[in-house]
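Contents: one structure, followed by commentary.
Nothing in this text is a laboratory measurement; each read-out follows from the coordinates by a stated rule. Keep in mind the model is a prediction, meaning the values are calculated, not measured. We place every Cβ from the backbone using ideal geometry, glycine too, and count neighbours over all the protein chains shown.
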Amino acid sequence: MKKPQTLFLTWQDTHSRSWFTIGKLTYDGKQYQFVYTQGVKEAQNQCQFQPLYSFPDFNKVYTSIHLFPVFANRLMSPSRPDYTNFIQWLNITPAEDNSLEILARSGGERETDSLAVFPCPEPDLEGQYQLYFFAHGLRHLPKCAIERINNFAPKEKLWLAHEFQNLYDTKALTLNTEDHHIVGYCPRYLRSEIFDLIGNNPSSVRLEVERINLSPTPLQFRLLCHITAVCKNDFRPFSSPEYQPLAVDHLVNVG
């Protein structure tokens with residue numbers, strides 16, 4: 001039996017620029033389920049986060065046979081003329097062309113709000129966790145860095161570095177080449193987990209170039225990265241309290 005697909009919903013406070021994991025979406029092949037996670041408490045306490053319009057009660061479990069609008073509205077319509085190019089940017093095969101896989105790979109970010117999504121990875125047969133993400137912050141890089149990105153070879157290795165003297169973000173994680181070019185940043189909402197992975201076993205984490213989408217592809221979809229980690233000592237990514245459901249019953253069917 002295929003395991004349910006799981007995405008986490010994350011929210012960024014526009015003032016502090018901090019990211020909080022606030023919800024969890026699962027799909028078992030028949031029904032979608034959304035529940036707020038424990039991380040929403042921190043978003044409330046620190047930034048006065050208010051419940052989303054589609055999910056007004058923090059303590060309910062919402063179910064539906066249809067993908068909830070807050071997620072569906074983040075998908076590009078297949079009828080758009082650039083849809084085929086978009087799927088190619090994401091490096092998604094026809095077999096993977098489904099709503100949750102597209103959201104997981106693209107991040108589902110929009111200019112109209114401060115939400116994004118990312119997948120909860122499951123170990124493969126070799127016990128490896130795999131995750132894809134697009135490099136952030138390319139618009140802040142010098143021209144030479146963009147030229148270096150444009151000349152990447154598939155599977156070229158990258159390194160993560162903690163930019164702790166960054167005046168704007170002391171927890172920034174840069175993506176670096178072997179010849180010491182900074183070619184982007186790790187998404188903020190993934191950093192804490194990646195810090196834990198590296199701290200657990202640095203040699204088990206591998207980061208490499210998955211795909212380069214040349215201009216005129218928007219910079220936000222220019223560099224697709226692939227990170228692989230072998231977790232030892234029973235460590236499981238995305239298992240800390242902030243990712244755990246806030247409610248486990250009180251089902252609400254919304255359609």
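Brief remarks on what is shown
- Distance between the modelled labels on Thr217 and Asn45, one decimal in nanometres: 4.1 nm (7 Å Cα→Cβ projection).
- Counting other Cβ atoms within 10 Å as a rough exposure proxy, the listed residues Arg80, Arg211 run Arg80, Arg211 from fewest neighbours to most.
- Here the spin labels are modelled as points 7 Å beyond Cα on the Cα-Cβ line, and at Lys143 and Thr14 they lie 3.4 nm apart.
- Computed over all pairs of different Cα atoms, the Kirkwood value for the hydrodynamic radius of the chain is 19.3 Å.
- The modelled label-to-label distance between His180 and Val248, using points 7 Å beyond Cα along the C-beta direction, is 5.3 nm.
- Taking Lys232, Lys60, Lys171, Lys30 and counting other C-beta atoms within 10 Å, the order from fewest to most: Lys30, Lys232, Lys171, Lys60
- Asp169, Asp234 arranged by Cβ crowding within 10 Å, fewest neighbours leading: Asp234, Asp169
- Centre-to-centre, using Cα atoms only, segment 168-187 and segment 4-77 are separated by 28 Å.
- Full-extension gain in nm, Ser240 to Ile198, via 0.36 nm per residue minus C-alpha separation: 13.6 nm
- Angstrom value of the Kirkwood radius, inverse mean 1/r, which spans all Cα pairs in segment 25-73: 11.8 Å
- When Rg and the Kirkwood radius Rh are both evaluated on Cα atoms of segment 1-104, their ratio Rg/Rh stands at 1.01.
- Placing +1 on the Cβ of every Lys and Arg and -1 on the Cβ of every Asp and Glu, with nothing else charged, gives the chain a dipole about its Cα centre of roughly 220 debye.
- Distance distribution note for segment 123-234: the fraction of Cα pairs above 20 angstrom is 39%.
- Per-residue ellipticity at 222 nm from helix content only, as computed over the chain with -39500 (n - 2.57) for each DSSP H run of at least four residues, stands at -5500 deg cm²/dmol.
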